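Written out below as C-alpha cells is the structure these notes cover.
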Amino acid sequence: MNFDLSPELASARRAVRAFMDEHVIPVEERIIAEDERGLNPETLLSLQARARSEGLWVPHLPTEWGGRGFGPMGMCVLFREMGRSLVGARVFNCDAPDQGNMDLLLRVASPEARDRWLGPLARAEITSAFAMTEPAPGAGADPTNLRTTARLDGESWVIDGHKWYTTGGAQAAVLIVMARTSDDPRKGATLFLVDRDAPGVELVREIPTFGPPLLQHREAEFRFHGVRVGHEQLLGGVGDGFRLAQARLVPARLTHCMRWLGLADRTVALSRRYVQERVSFGKTLDKHQLVQKVFADAATAIHAGNLMAFHCAWLLEQGRDIEARPYSSMCKNHVASLLCRTLDDAMQLHGGLGYSDDVPFGRWYRHARAARIADGPDEVHTMTVGRDTIAGTFDLLV
Ligand SMILES: Cc1cc2nc3c(=O)[nH]c(=O)nc-3n(C[C@H](O)[C@H](O)[C@H](O)COP(=O)(O)OP(=O)(O)OC[C@H]3O[C@@H](n4cnc5c(N)ncnc54)[C@H](O)[C@@H]3O)c2cc1C
C-alpha cells in the first residue's frame, strides 16, 4: 500500500491549498454577501478566471474538456482542499450538482448531448440540476416510488410529474429528469435531458430550507405538464434510469465526502486557537482532558473518513463501481455524521461565542445537516451496508 501522491498531483494539491488560503478564504464572506444580496457575483467570477488561468479549473475532467484528468483519487486529494470553504468548490467548477452531472454526461451522453451541455457546463457558462426526488408519495429514500411519467407519443416522449429538492433547478439551463417509462421494478425508469425553458416546465418555488441558500444550493420545486422531449434527449437507454442514477450517485456522494472532510478539517483548525487561549478553572481549555478528547475523536474520525474515501475512490478509479457501493455508503454515513458532530463540538468548545454568528460554525452546521439526508438518508445507507454484510458480499478485511 502506497500513500505517496504522484508529483503532478502533489503539486496540484499544493497549488489548490495555496489558492484557497491566499485567494478564496479571505474573500469567502464577500462571495456569500454578493450572492445573498443578488449582486453581480464579481468576486466569484474573478476567482474562477484566476483558477482557470492557473490550470486549476475542473481538474477532474479530461483535458479535452478543459481539465487535468485526475480521476477519483485526484479528486479526493483536491476536493478536500476546496471543501475547506463553502464556496471553494464553485471557484474551481467542482461543486454539486454540476460536477456529478458532468461526470454522468461524460460517461453516457451522446456526442450531440455532450457538445450541447457538457462543453458549456465545463466552462461554467451554464449550470444544471438533477431531478429525481418527488414530494410524498413519490420517489425519495426509495426511488422506486417514482411517480413522474414519460410516455411515447409519436416521435417524442411526454413528461408529466412533480419534483422537489432539485438543487440549483431554478438557475439551471438543463435538468436531468428521472421518469417512469414502464412498471418493470428494475428497468422502469429513464433519464431525460430537459431544457429548463421548455414549454410545460413550471418552476413552482424555491423551497425555504434550514440551510440558507448559497450559490447553486437552492432547492427548487417543479411541475412538468406534458413536456415534450425527443429521443436524442434520452440519457442512456430506455429503462437505464435506476442503474444510471446509482452510477451517478456513488461517485457524487463520495465527492460530497471529500468536500465535507475539508470543512471538518478547517473546523478543527479554527477551534485550536480558542482552546489554547481561553482560561477556565485555572488552566487553558486545551489542558483539560475532556477537551483533548473532543480533538482526539475529531482527528480519528477525519482520518478514518480520509481512508474510507481514498479506498472507495481507488475502487472507482479501476471501474469497480458495483464493489464500491457498500463502501461508499459507509463512507457517506461516517463523514456526514462526523461533519455534523465536529461542527456541533466546535460550537460547544467556543461556548456562547460558538453559538454566535461571530464564528462560522452555526452557518456551516445549517448546511452540513443536510448531509445526513441528501443523496440517501443515513438509514438507507445503513440498510445497504447491513444487508451486504449479512449476505457476505464484500470483504471486511480489505
Ligand atoms: C439539501 C438537499 C439537497 C437535495 N438535492 C437533491 C437533488 O439535487 N436532486 C434530487 O433528486 N434530490 C435531492 N435531495 C433529496 C434527497 O435525496 C431526499 O431528501 C432523500 O433521498 C430522502 O428522501 P425523502 O426526502 O423523500 O425522505 P423519505 O423517503 O420520506 O424518508 C423520510 C425518512 O424516513 C427514514 N427512512 C426512509 N427509508 C428508511 C428505511 N429503509 N429504514 C429506516 N428509515 C428509513 C429516514 O430517516 C428518512 O430521512 C436533496 C435533499 C436535501 C435535503
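Out of the strands (runs of 3 or more DSSP E) lying entirely within the stretch 146-218, which hold 3 or more residues that are free of Cβ contacts under 8 Å to residues at least 12 places away in the same chain and within 11 Å of the ligand (Cβ to nearest atom)?
Values: elements: 149-153, 156-167, 174-180, 189-195, 201-206.
So the answer is none; nothing clears 3.
Just one of the numbered conditions (1) farther than 19 Å from LEU234 by Cβ; (2) part of a loop (DSSP other than H, G, I, E, B); (3) within 16 Å of the ligand (Cβ to nearest atom) is not true of ALA139: (1). Looking at the stretch 350-361, is at least one residue modelled with pLDDT of 95 or more, of a type in the set (D, E, K, R), within 13 Å of the ligand (Cβ to nearest atom) and over 15 Å from the mean Cα position of the chain (by Cα)? No, the conditions are met nowhere in the stretch 350-361.
Applying the set (1) surrounded by fewer than 22 Cβ atoms within 10 Å (Cβ to Cβ); (2) touching an Asp or Glu at 6+ places or on another chain (Cβ under 8 Å); (3) hydrophobic (A, V, I, L, M, F, W, C) to VAL359 leaves exactly one unmet item: (2). Looking across THR393, THR384, one residue alone is surrounded by 16 or more Cβ atoms within 10 Å (Cβ to Cβ), closer than 21 Å to TYR327 by Cα and of a type in the set (Ser, Thr, Tyr). It is THR384. Any residue at all in the stretch 303-316 that is within 16 Å of the ligand (Cβ to nearest atom) and either surrounded by 21 or more Cβ atoms within 10 Å (Cβ to Cβ) or not small (Gly, Ala, Ser) (or both)? Checking the stretch 303-316: not a single residue is within 16 Å of the ligand (Cβ to nearest atom) and either surrounded by 21 or more Cβ atoms within 10 Å (Cβ to Cβ) or not small (Gly, Ala, Ser) (or both). Taking each residue of the stretch 261-289 that is farther than 26 Å from LEU78 by Cβ and looking for partners that are acidic (Asp, Glu) and surrounded by 14 or more Cβ atoms within 10 Å (Cβ to Cβ) with beta-carbon atoms closer than 8 Å, six or more apart or interchain, yields VAL275/ASP286; GLN276/ASP286.
The values are calculated or read from the model by the stated rules, or taken from the named source; none is laboratory data. From a predicted model like this one, the values you see are computed outputs, not experimental measurements. Here Cβ is always computed from backbone atoms with ideal geometry, including for glycine, and neighbour counts include all displayed protein chains.
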